1. Within the accessible area of the chain, what % is carbon and sulfur when the probe is 1.4 Å and the other protein chains stay in place?
2. Which cross-chain or sequence-distant (5 or more) residues have an amide H under 5 Å from the amide H of Thr3, H modelled 1.01 Å from N in plane?
3. Rounded to whole Hz and in sequence order, give me ³J(HN,Hα) for segment 358-374 from the Karplus expression 6.51 cos²θ - 1.76 cosθ + 1.60, θ = phi - 60°, writing x for Gly and Pro.
4. Whole angstrom only: what separates the Cα centroid of segment 732-770 from the Cα centroid of segment 1-25?
5. How do 734-741, 532-539 rank on mean C-beta neighbours within 10 Å, highest first?
6. Taking only DSSP H segments of four or more residues, each worth -39500 (n - 2.57), what value at 222 nm results for the chain once the sum is divided by all its residues, to the nearest 500 deg cm²/dmol?
7. Could you list the GluC sites (Glu not before Pro) in segment 190-219 that lie in coil according to DSSP, counting only those with at most 14 other Cβ atoms within 10 Å of their Cβ?
8. For the chain, what class follows from the C-alpha gyration tensor (a ≥ b ≥ c being the square roots of its eigenvalues): rounded when a/c is under 1.5, otherwise prolate if a/b is larger than b/c, else oblate?
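The values are calculated or read from the model by the stated rules, or taken from the named source; none is laboratory data. From a predicted model like this one, the values you see are computed outputs, not experimental measurements. Counting neighbours? That spans all protein chains shown, and the Cβs are built from the backbone with ideal geometry, glycine included. Just so you know, the surface numbers come from the protein's heavy atoms only, side chains and all, with ligands and any DNA or RNA stripped out. Shrake-Rupley method; radii C 1.70, N 1.55, O 1.52, S 1.80 Å.
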Amino acid sequence: MYTIQEVQKRIGATGHLVINNHIAYLLTDSRKVIFPEQSLFFALSGPRRNGHLYIDDVYHKGVRNFVVKEAVVTDNYPEANFLYVSDVLKALQQLASSHRAQFSYPVIGITGSNGKTIVKEWLYQLLQHQYKIVRSPRSYNSQIGVPLSVWEMQSQHNLAIFEAGISTTNEMDQLASIIQPDIGILTNIGEAHKEGFANIEEKLLEKLKLFRGAKQLVFCREDVDGLLDIHQVASLANVNLFSWSRNSEATLRVEKEIRNGLSTAVTFLYAQQTWVFQVPFTDKASINNAISCCCVLLLLQIDVQDIQLRMQQLQPVEMRMQLKKALNNCYVLNDSYSNDVSSLTIALDFLKQQSGQHTTTVILSDILQSGTLPHALYAHVAQLLKQYGIGKLIGIGNVMVQYQEVLRQAVPSVAMYHSTQAFLQHESQQQFHDEYILIKGARVFAFEQIDQWFAQKVHQTIMEINLNAMAHNLKQYQQFLQPSTKLMAMVKAFSYGNGSSEVARLLQFNKVDYLAVAYADEGVELRNAGITLPIMVMNADEASFHSLIEYNLEPEIYSCYIYYAFDGYLKKQGLHHFLVHFKINTGMNRLGFEPAELSEIGEHLAQFQTMLVKTAFSHLVGSEDPLCDDFTRHQAHVFDLATIQLEKLLGYTFMKHIANSSGIFRHPNLQYQMVRLGIGLYGVDSHNGRFVQLETVATLKSTIAQIRVIQPTDTVGYNRRGTVEKQSRIATIRIGYADGFSRRLGNGVGAVYIHGCLAKVIGNVCMDMIMVDVTNVAEAKEGDVVEVFGGHIPIQEVAKQCGTIAYEIMTGISQRVKRIYIEE
C-alpha cells in the first residue's frame, strides 16, 4: 500500500487532502468498486464519457480518493481526497511506472500482432512451479490495462510477465516506461490493427520500442527479414538478440517438425547441440508460440531435458469466458482460463453484470502458486465474494477446506469438497435452479467435468456471441456521435437472434440510454431479467396495455386508432403523463402518423394529458444508399415540420430521432438528440469498412457427424440431387433448415469452412443435416468443428447466396441452436 501523500508525490499532483488513507487498488470504472476504502479512482475521460461525471456515484459507493483534472466542488464531498493533475491517464501510467521501479526481479515483456496472451499463459504454465509469478490478467495490454497489470507486482513475487498491445504509432513509449522489461518477446508481426500504421515496417518499429533497455529479445527472424536486418533490430532495440528461425542462421535453428496425430516433434539446434521437444499441438501458430517459450526457458538457464518434459505438458489456453444455458434454467459461466485473484475479480464482475437479480453461485478450486500466504489469500477471496454478493460457494481442494471458516463468514451458503470427484459424487443437479454459476478452477482440478455435468443436452450446433466484439462495435458508432447525443439500441427479435437478456445486460453495463423491442412480451422478458433501462415497445397493441403499465414499458404510438385506444385505457386506470414515443410517417409508409393527423391528436393530448411524449421519431428508407440521399433530406424536412407543429400544440419539447446505423455516420446532421443503433451493433456493416471497423459478433458452428467415400455412380441426399464426377469424400454436418440453414444454400450454392477450406454443400438441405464435399480437405475428420458463418464466411455472403439480407439470416437461426456468450 501507498499513503495518499506518497501517491501525490509520485504523480506530481496538487492536493486537497482531508483524511489519511492508504491505497491498495486502482479504479478506472465506476461500475467495479470492490474495496472502496482502499481504492483510488482515476477520472479518465474519452470521446463519449467524462470520468468526472461519475465522482458522485463512486463517492456514494464509499470511495474517498480521487485523481482528477477538472475542478471539483469539494464541499459536496467532505470526506474525500482529491489529487489534481493535468492528464489523468498519464498520472495512472506514472504511478504504475513508479511502482514497477520498486522491484528488481525479472520482468518479461511481450508484444506482437498475435499470440501475446498465449505465450504469456504458456510461460506461466511452464514456470509456475519454479517461480512466484505475477502476470497480466487476461488481455490487459492497453494504455489502461498495462498500468493496472503492473500495479499487481508485489514483494512476494519473483517473476513478472506482462503483454503490451498497440493500435497505432506513438503508443509504445508509455507502455515501455511502465513495463521496463528485462526479457522481451516479439511473437510475430501480422495484419492485426494494420489500419493504425502506414505499413508493416512502421508497425515493427513501433513495437520494438518496448525492448529498449531490455537485456534480451526473443524473436523469429522470418518476422523481421525483409523489413529490417538483424543488426538494425539489435541497434534499434539496443538489446542482445535471441533469435530463432526455420530458414536462417539464428540462436536456435529449427531443423525439422514432424506431426504425428495430435502432437508435433520439433527438432532444433542450439549451442551446437541437437535436441527434440514435443508439443501437443499441430497448427503452425501454436508451434511458433511454443518455440518462443522454449527460447525464454533457455534464456532462464533451465536444463534442456527439463524443458522437454515441460513442453509435453502444455495445455490449450481458453482465452475467453463462456456463458451458456445449462440445466434447470441455470446459466454457467466457464472460466477455467486461469485461477488467480485478478482473473477471479474479472470473472466475478462479468457474473454480476450478467446475473441481474438471479442467485449467484461460485464453484472455486484451491488457488495455486499465488505467492501469497494462504490465510491472507483466502481472507481476500472471502472479501471479494462478499463484495459481489455471492449467494453460494462450493469450494474444492484441500486448502479451501482448511480455510472454510473465513469463507463461511462471507458467503451465506458454503459447501466444501476435497476433490472434483467428491463434488460430482455427492452433489445433485436438482439442487441448482434459476441461478448463475461461475466455474473457476486450476487445471489440475479438471473442472471441465463440472462444466459437462451442468450442460444441457442439446445437439452440437451452437452460435457463439462475442460480447467483446459487440462492445467494440458500440464504441465504433459512439465515436461518430456528438457528446450530447443519446443512443437507443435495438434488441428486438431476440436481439437479432443473438439473445435478448444477455445482450441487454451488456448494453446496460455499457450505459446505452434506451432499448427498443418489437413487442411488449420482449420487454417483459428484459424486465424479468433485471434490465432497468428505459424500453420502447415498437408494436404495442391493445392486448399489451396491461403489460406496458405493469412493467414500465414505453409504447410507440403510431396511429389514431392506437392513440385513442391507449388513451381510453389510461383514463380507466386513472393514469396521466404516461411516457410514449410518437412515430411520424415521412415516406416509409409502414407505421406512423401522417403529419396532417398531428393537429387533432396534439390538441386532444394537450387537453387530457394521459400521455407525455418522450420522443418523436421517424424511419429513413435508405440511409445507406447515396441514391436515396435526396429523399433522406426530404424525409428530414417533413419530420422537422411535423415535430415543430407537435411541440407547439403540446407546449413542451421532446427528444427526436431519425438516424439508424448507417444514418449515424452518413447523415451526421440528422443525429438530433438520439440515434437508433441496430444491425451494426451485431457486426453487419453495409459499407464494407469504409466508415467503421466492425468485429464479428455471431459465429454459427456445427460438427461433422460422419464422413463417407462415394463413387461417381452414387448420389447424395433427397431426390438424388447431389452428384459427383469422381470418387469423393462427403461429410454430413449436424445442421439443417430446422436450425435456420436455408434450403436455398443446397446443391453447391452454400459452403462451410473446415480446416482453412470452403466445402460446398452437395445435394438438398435436409431438416437436421447437410452434406458437404470434403474431397479437398484432407484433414477433415468426424467430430471436427465447422463454421457456417462468422469470421471466415461473413453473414452478408450467406445472405447474398440466399438472395436475401443479413437480417433474415441472423433472426432465422432457430431457438434450438444453443447460444454461448463469449467474454474475452
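1. Working: 16580 of 34500 Å².
Exposed carbon and sulfur together represent 48 percent of the surface.
2. Ile23
3. Each residue's phi maps through the Karplus curve to give 6, 5, 10, 10, 10, 9, 10, 8, 3, 8, 9, 6, 7, x, 10, 4, x Hz.
4. Taking the Cα centre of segment 1-25 as reference, the centre of segment 732-770 is 62 Å away.
5. 734-741, 532-539
6. My calculation for the chain gives -9000 deg cm²/dmol from helical runs alone.
7. When the GluC sites (Glu not before Pro) of segment 190-219 are filtered for loop state and at most 14 Cβ neighbours within 10 Å, Glu191 remain.
8. On the way: a/c = 1.63, a/b = 1.24, b/c = 1.32.
Oblate is the answer for the chain, as a/c is 1.5 or above yet b/c matches or exceeds a/b.
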